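Some notes on the structure that comes next.
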Amino acid sequence: MDHGRHARRLLIGGWLAGVALIAAAATQSPLRAARWLPADRQAQALAQEPSECLTPAANAAEAQRIAIGRAAFRTPLLLGGQAARVGLSCSSCHRNGRGNPDFSFPGFSGPPGTADVTSSLMSSHRGDGVDNPTPIPDLSGPPQALKISRDPATRALENFIRGLIVEEFDGPEPSTATLDGLAIYVRALSPQACPAEPVQAIDLAHALSDARAAAVAAQSALAAKDAVTARLMVASARSALGRIDERYAGQALAADREGVREADQELAQIQLAIDSRRANTSLRITAWLAAMPRWTAALERDEAQSLFNAQRLATTAAN
C-alpha cells in the first residue's frame, strides 16, 4: 500500500468533512467567527472578548515591533494553508492574546476551548492521525503556567512561533521582522498589564483601530525596505475591514458595506504596488489613512443598526 497516498486521502477526507460542518455553521450566522463557536455561545462570544493585557512599549522602536507582531497575530494570512482558507488567525484561539474557552472547530477541537496541535486537518508536517486536543492557554496568564520560555536570550519563543506557523499550520516562512514582532508582542502580554475591566465590547472602534494600526505598521516595514512584512501588514488591515464588513449585513446597510469594500480595494491595489516595489506606496497608505473619515462616518452613524449591536447580534444568533 502507498501509505503516503493513504495519509493524503485521510487528510483530504477529514478536511472535506470539516469544511462541510463549517459550511453548515456558516448558514446560521453571517460572522466568520461563528464557524468555530458552539451555537449556544455565539451571542456572548461574538459580542465581547477578553481585554488585552499588553504592556506599554518602552520606546518608539519597540512600539513599531509590537505593532507588527500584533497585526500579524490578527490575520489568517500569517498561518496560510487550510487555516487561511477558513479564516483562522492566531487571535481565533487567543482572543486579544488571551485564551478562547468557546473555541470549537470541527475536526480540530474536542471540548470547547481545546485544539489539537498535531491534527492532520491543518498540518502535513505534524499530523499524527491521533485525536488529542489540549486546552488553549491564555498567553497573558502567569509565566509559571506557560510552557515556552520567554527569555529573549534563548530564542525559544521565536523557534516555537516559527514551528507553529510553518509546521503546525503549513504556513509560509515568516519574515524576520514578522517573527521578531510576534515574539515581542507575546512577551509584552502580561497579567500585570490587564485592565480593570476583564472584557471589552467587540465594536467598530476597535476594528477600525486594528485596521489603522496595521496600515501604519505597513509603512514602518516599507521604511525598512521590508516588502514581505509590509504586504502582510496590509493583509492584516484588510482582515480588519472584513470583520467590519460582515457586521453590516442586510440591504439597509449596503451603502456602508460599499464604503468598506472600496477602502479594501484600495488596500488590494497597495499590495500590488508593494509587489511591484513602487516608490510612492507609503504615500498611498498615508492617503488611505487620511481618507478613512470619509467612509467611517457612515459606519459610526449606523453602528447601532449593525451586528456590532449586541441585541441585534443575539437576535441573529437565535434565529
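The values are calculated or read from the model by the stated rules, or taken from the named source; none is laboratory data. Predicted, not measured: the structure shown is a model, and the values here were computed from it. Every residue, glycine among them, receives a Cβ derived from its backbone with ideal geometry; neighbour counts consider all protein chains shown.
Going by the structure shown, is Ala223 surrounded by 21 or more Cβ atoms within 10 Å (Cβ to Cβ) and outside the structural domain of Val86 (by TED's automatic domain parsing)?
Details: surrounded by 21 or more Cβ atoms within 10 Å (Cβ to Cβ): no; outside the structural domain of Val86 (by TED's automatic domain parsing): yes.
No.
Only helices (runs of 4 or more DSSP H) whose full extent lies in the range 240-319 are considered here, and the ones with at least 1 residues that are at pLDDT 95 or above and over 30 Å from Pro38 (Cβ atoms) are 254-275, 281-302.
The conditions are (1) in contact with an Asp or Glu (Cβ under 7 Å, 6 or more places away or on another chain); (2) under 15 Å from Gly69 (Cβ atoms); (3) of a type in the set (Val, Ile, Thr), and Val166 fails exactly one of them. Which is it? Against the list (1) in contact with an Asp or Glu (Cβ under 7 Å, 6 or more places away or on another chain); (2) under 15 Å from Gly69 (Cβ atoms); (3) of a type in the set (Val, Ile, Thr), Val166 comes up short only on (2).
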